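Participant: The structure is given below, and queries will be raised subsequently.
The values are calculated or read from the model by the stated rules, or taken from the named source; none is laboratory data. What you see is a predicted model, and the numbers here were worked out from it, not measured in a lab. Cβ: placed from backbone, ideal geometry, glycine included. Neighbour counts: every protein chain shown. The accessibility values were calculated without ligands, DNA or RNA, using every heavy atom of the protein model including side chains. Shrake-Rupley method; radii C 1.70, N 1.55, O 1.52, S 1.80 Å.
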Amino acid sequence: MIYDVIIIGGGVIGCCIARTLSKYDLKVALIEKEADIASGTTKANSGVVHAGYAAPREYSKRDLCIRGNKLYTQAAEELNFPFQRIGSFVVALEENQIKELEEERKLGIQDGIPGLELILDKQKIKYMEPNITDNVVGVLHAPSAGIVSPYEMTFALAENAAMNGVKFFRNHKVSKIKHQNYIFTITTKSGVFKSRNVINAAGLFARKISRMVGLDYFEILPRKGEYILFDRNAMHLNKILFPIPTKVSKGILVCPTLHGNTFVGPNAQNINDKKDISTTEAGLKEILEGGRLLVPNLPLRASIRNFAGLRAIPDSYDFIIDNTDIYGFINVAGILSPGLSSCFAIAEKVIGFLELLGVELKIKEDYNPIRPKPDRFKDLSKEELDRKIMENASWGRIICRCETIPEAEILNAIHAPVGATTVDGIKFRCRPGMGRCQGGFCRPRVIEILSRELNISYEEVTKRGEDTNFLVGKTKEFVLDELRVGEEE
Ligand SMILES: Cc1cc2nc3c(=O)[nH]c(=O)nc-3n(C[C@H](O)[C@H](O)[C@H](O)COP(=O)(O)OP(=O)(O)OC[C@H]3O[C@@H](n4cnc5c(N)ncnc54)[C@H](O)[C@@H]3O)c2cc1C
């Protein structure tokens, strides 16, 4: 079969394009090299939907972010992913920084960013965010900025795309692309695909994919950002707090998550290895020091995890969204921050390119933009829960005690469209392992459930795909095997 469009890369960008395309009467597939979607940059970032004032005006990412931010309200309603416009503060700690904030405000308002205001009244600032440092002299308040869970949103996009007919192929690393007679032949580790159009959304590896069709006109370098995550309810922040940005990044922020945690980070280190997501003592020290300038009482004793994400930094420092010279091949590369904020606008732009390429965009009669809200134990009233447990006992079996996740939520995550097949897949879809004990209690039970539901052995269950198995065999079987070897001898 020949697809109309194949998307390479199942991060937030690829999945957002897939979902947008799923509206049309087209044959669409998404190919991802990892065992799950949302495994790259999309998994580890700040999860901030930026208002859009931060990027310089000459970059396309500024307009795409401003537009993308506006599109979030409808998308969150349709796809039922958690998103809150809690607003952000850029914090000035010295009088001479106020001028800079005022300039940002003026330009931002001209560009259509709603509600931007400069607040100089310290009492008002402290009222709006009691945890902010006493050294604050003023803030730029952007009420349209919000927080989102980047991976939960990506799963929602993929589920809705799949419901509307997009095919997802995970564990399919693209290794070769041939272009002949206006058809692309895409070779992967696990099969060959044909398509009239290809969208390269391969994140850090987008240059490699582009070079497969002979297009070598940009470089992508990894830039690491480390984080410290604090336990739920250790601190309650109302606002996303940014320092005055530097030339290379928006700086080290302190931010709440939708699940009641707080985090501090990221720093910005240029590295060479596109797989290095280690954290370092020096890096963690740097982000703590940075975070404490904004929130002096960061709850260090309640830190539950350190992690790092890799930005895909293009040499142009702007998004590379190109209808290329190879007919039907679209690059969506170098999607650094604010890529998450801009994804819906990026998808619109890509659809425009496909239209220019002559792809017929006829809306499907049965297109359904709604992805049903997953039932969550925590959101249910006692009566609803009682009823659910009476109907299905798995709602009453709590697998993750830190986050109060019943077996039923795990089963739903496995059996959803583009469902979880790994322990991390479960963790990122419905949170077992995200709490204080970090999976110490629930992991064996999650392995057991995956093994049973996917009909695979315990040894075949992995953390996140190939070579990440937890178990190598049953202890007693080893002993028996050894005895048998002894008998044979
Ligand atoms: C530290 C940090 C903080 C950030 N904070 C924010 C923020 O607060 N707000 C914001 O808007 N943006 C933020 N960003 C940027 C945002 O995370 C990215 O713009 C976004 O996640 C990019 O998504 P993507 O789909 O392009 O890339 P990815 O998520 O990396 O997806 C690319 C996918 O392609 C797959 N792939 C690669 N090669 C192949 C192949 N050969 N075959 C098949 N598949 C392949 C990969 O496995 C991967 O899943 C941040 C980024 C970082 C690192």
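Participant: Would you confirm whether or not region 340-349 contains a residue that is touching a residue at least 12 places away in the same chain (Cβ under 8 Å), under 26 Å from residue 21 (Cα atoms) and open to solvent by 30 Å² or more (accessible area, probe 1.4 Å)?
Facilitator: Pass one, region 340-349, residues touching a residue at least 12 places away in the same chain (Cβ under 8 Å): 340-349.
From the residues that got through so far, the ones that are under 26 Å from residue 21 (Cα atoms) too are 340-349.
Those still in the list that are open to solvent by 30 Å² or more (accessible area, probe 1.4 Å) too: 348-349.
Within region 340-349, one or more residues are touching a residue at least 12 places away in the same chain (Cβ under 8 Å), under 26 Å from residue 21 (Cα atoms) and open to solvent by 30 Å² or more (accessible area, probe 1.4 Å).
Participant: Which of the residues belonging to region 296-313 are touching a Gly at 6+ places or on another chain (Cβ under 6 Å) and either part of a strand (DSSP E or B) or surrounded by fewer than 17 Cβ atoms within 10 Å (Cβ to Cβ) (or both)?
Facilitator: To start, the set of residues in region 296-313 that are touching a Gly at 6+ places or on another chain (Cβ under 6 Å) comprises 298, 309, 312.
309, 312, listed by residue number.
Participant: Consider residue 80 carefully, then state whether it is away from the ligand (no atom under 14 Å from the Cβ), open to solvent by 10 Å² or more (accessible area, probe 1.4 Å), within 30 Å of residue 166 (Cβ to Cβ) and polar (S, T, N, Q).
Facilitator: Yes; evaluated as a whole, the condition is true for this residue.
Participant: If you don't mind, another one. Of all residues in region 373-407, which are in contact with a strand residue (DSSP E or B) (Cβ under 7 Å, 6 or more places away or on another chain) and in a helix (DSSP H, G or I)?
Facilitator: Selection gives 377, 394, 395, 407.
Participant: Does residue 259 fit the bill of being in contact (Cβ under 8 Å) with a residue 12 or more places away in the chain and within 19 Å of the chain's Cα centre (by Cα)?
Facilitator: For residue 259, the condition - in contact (Cβ under 8 Å) with a residue 12 or more places away in the chain and within 19 Å of the chain's Cα centre (by Cα) - is met.
Participant: Looking only at region 197-231, filter to residues that are in a loop (DSSP other than H, G, I, E, B) and buried (at least 19 other Cβ atoms within 10 Å of the Cβ); which one of those is farthest from the ligand (Cβ to nearest atom)?
Facilitator: 213
Participant: Count, please, the residues in region 110-133 that happen to be touching a Gly at 6+ places or on another chain (Cβ under 8 Å), crowded, with 17+ Cβ neighbours inside 10 Å and assigned to a loop (DSSP other than H, G, I, E, B).
Facilitator: Final tally of qualifying residues: 2.
Participant: Among what's in region 15-50 and is more than 11 Å from the ligand (Cβ to nearest atom) and assigned to a loop (DSSP other than H, G, I, E, B), pick the residue that is surrounded by the most Cβ atoms within 10 Å (Cβ to Cβ).
Facilitator: Of everything passing the filter in region 15-50, 22 is surrounded by the most Cβ atoms within 10 Å (Cβ to Cβ).
Participant: Somewhere in region 102-109, is a residue surrounded by 21 or more Cβ atoms within 10 Å (Cβ to Cβ) and assigned to a loop (DSSP other than H, G, I, E, B)?
Facilitator: Checking region 102-109: not a single residue is surrounded by 21 or more Cβ atoms within 10 Å (Cβ to Cβ) and assigned to a loop (DSSP other than H, G, I, E, B).
Participant: Any residue in region 370-395 that is acidic (Asp, Glu) sitting within a Cβ distance under 8 Å of a residue that is in a helix (DSSP H, G or I)? List the pairs, counting only those 6 or more apart or interchain.
Facilitator: 375/388; 375/408; 375/409; 375/412
Participant: Additional query: Could you please give the count of residues in region 350-366 that are open to solvent by 10 Å² or more (accessible area, probe 1.4 Å) and either within 25 Å of the chain's Cα centre (by Cα) or within 11 Å of the ligand (Cβ to nearest atom) (or both)?
Facilitator: Count: 3.
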